[in-house]
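Nothing in this text is a laboratory measurement; each read-out follows from the coordinates by a stated rule. Remember, it's a predicted structure, so these values are computed and weren't measured experimentally. Cβ: placed from backbone, ideal geometry, glycine included. Neighbour counts: every protein chain shown.
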Amino acid sequence: MKTDYVAAASKLASTFHRRGFTKPTGYFFILVLAYYLGYLSALTKNPSTKTLNHNQPPQSADIDHYQFQTQCANPVPYQLARKIILNRVFNDTSPYMNFPQPHIEPFLRHKRIKGWGSTGAVFENLIRKVKPKVIIEIGTFLGASAIHMAELTRQLGLDTQILCIDDFRGWPDLPSKFKDIKMVNGDTMLLYQFMQNVVYVNATEKVMFLPYSTQSALENLCQWGVFGDLIEVDAGHDFHSAWSDINRAYKLLRPGGVIFGHDYFTVADNRGVRRAVNMFARVNGLRVKADGQHWVLESR
Ligand SMILES: C[S@@+](CC[C@H](N)C(=O)[O-])C[C@H]1O[C@@H](n2cnc3c(N)ncnc32)[C@H](O)[C@@H]1O
């Protein structure tokens, strides 16, 4: 198409020449014409340069964005939560048994805890309010917030199981930022250091974990009927990760339960947490409350 326009322009140029147009006028005219033809050509080649109507309602296929696993199994009694995970994930053997193995011990520190907003007032506020039997934490890292919640439930005399979901891989440049968390043959010791922290504070009876992606761990909890009264979302902070985690997690919330998460009011919120939380609340007719840097949503 573009070559046709160019051929037409050069044909016109030679016609002008034959008919004796003065040079500057002729060249100026050709320049304007070539520019216009080029513009026309770009339009026909790339229809996306046409104005798009961003207000169009979503097409039916877009509904997939809002659909996650539809039906979970009926909730099992809360006393079974830990047992089911031991059975399904760890073949009925406690992962804390004989921990740490002799070949792992030299890579661990007795206690190495680091978190972000992991001891904010929101934890105590919600634990006092909900008195949870099962807490599900999505994003655990070294266990700072999980250990804080274990301490709080202990102080309040609550018999609470805390189920921690994390792939314990952190993120790609973790080894350069956390040099004291060792890497062995490309495998970060994050999981073992988290376990060591839990052992150190004597919380192995309260804290169990699922060392998988949030997506597969949450889907499995849904299939097994393992629900939570309190769910903390603090894993991937980009919009799509947060959107997926919140949608999957909300399905696991018992009636009267509360779901909450970090980075509603920190710089990280611009990466998508706040947008995901607000959109989830809007779509589900919920009201977002804030507690410090955290967002809070109550089940309907
Ligand atoms: C901000 S840290 C969690 C901090 C923790 N809640 C605290 O306050 O101490 C985020 C964690 O989410 C985990 N994570 C991120 N995306 C994940 C995913 N898709 N599946 C599993 N874990 C993920 C990372 O490995 C990391 O340990």
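Hey, with R₀ at 22 Å, roughly what FRET efficiency would THR119 and ALA290 work out to, going by the Cβ-Cβ distance, to 0.05?
Plugging the Cβ-Cβ distance into 1/(1 + (r/R0)^6) gives 0.80.
Which trypsin sites (Lys or Arg not before Pro) in segment 96-134 pass both tests, a DSSP loop state and at most 15 other beta-carbon atoms within 10 Å?
Details: sites: ARG109, LYS111, ARG112, LYS114, ARG128, LYS129, LYS133; in loops: ARG109, LYS111, ARG112, LYS114, LYS133.
The qualifying sites are ARG109, LYS111, LYS114.
Highest mean first, how do 163-175, 243-255 rank when packing is the count of other Cβ atoms within 10 Å averaged over residues?
243-255, 163-175
Pop a pseudo-label 7 angstrom from the Cα along the beta-carbon direction at both GLN223 and VAL76 and give the gap in nm to one decimal.
Output for this residue pair reads 1.3 nm.
Measure out, as a whole number of angstrom, how far apart the alpha-carbon centroids of segment 136-213 and segment 67-111 sit.
12 Å
When the Kirkwood hydrodynamic radius is evaluated over all pairs of different C-alpha atoms of segment 143-300, what value in angstrom, to one decimal, is obtained? Let's see the in-between values first.
Details: mean 1/r = 0.0599 Å⁻¹.
One decimal place: 16.7 Å for the Kirkwood radius.
Under the Kirkwood approximation applied to all pairs of distinct alpha-carbon atoms, what is the hydrodynamic radius of segment 59-184 in Å? Before the final figure, lay out the partial values.
Numbers: mean 1/r = 0.0564 Å⁻¹.
About 17.7 Å, per the Kirkwood formula over Cα pairs.
Below 13 angstrom from the Cβ of GLY257, what's the summed charge of the other residues (Lys, Arg +1; Asp, Glu -1)?
Working: positive: LYS129, LYS131, LYS133, LYS251, ARG254, ARG300; negative: ASP229, GLU232, GLU298.
Summing Lys and Arg as +1 and Asp and Glu as -1 gives +3.
For segment 71-214, compute the number of Lys pairs whose alpha carbons are separated by less than 17 Å, excluding pairs fewer than 8 positions apart on the same chain.
Close lysine pairs found across segment 71-214: 9.
Around SER145, with a cut-off of 10 angstrom between Cβ atoms, what is the net charge of the other residues, counting Lys and Arg +1 and Asp and Glu -1?
The answer is -3.
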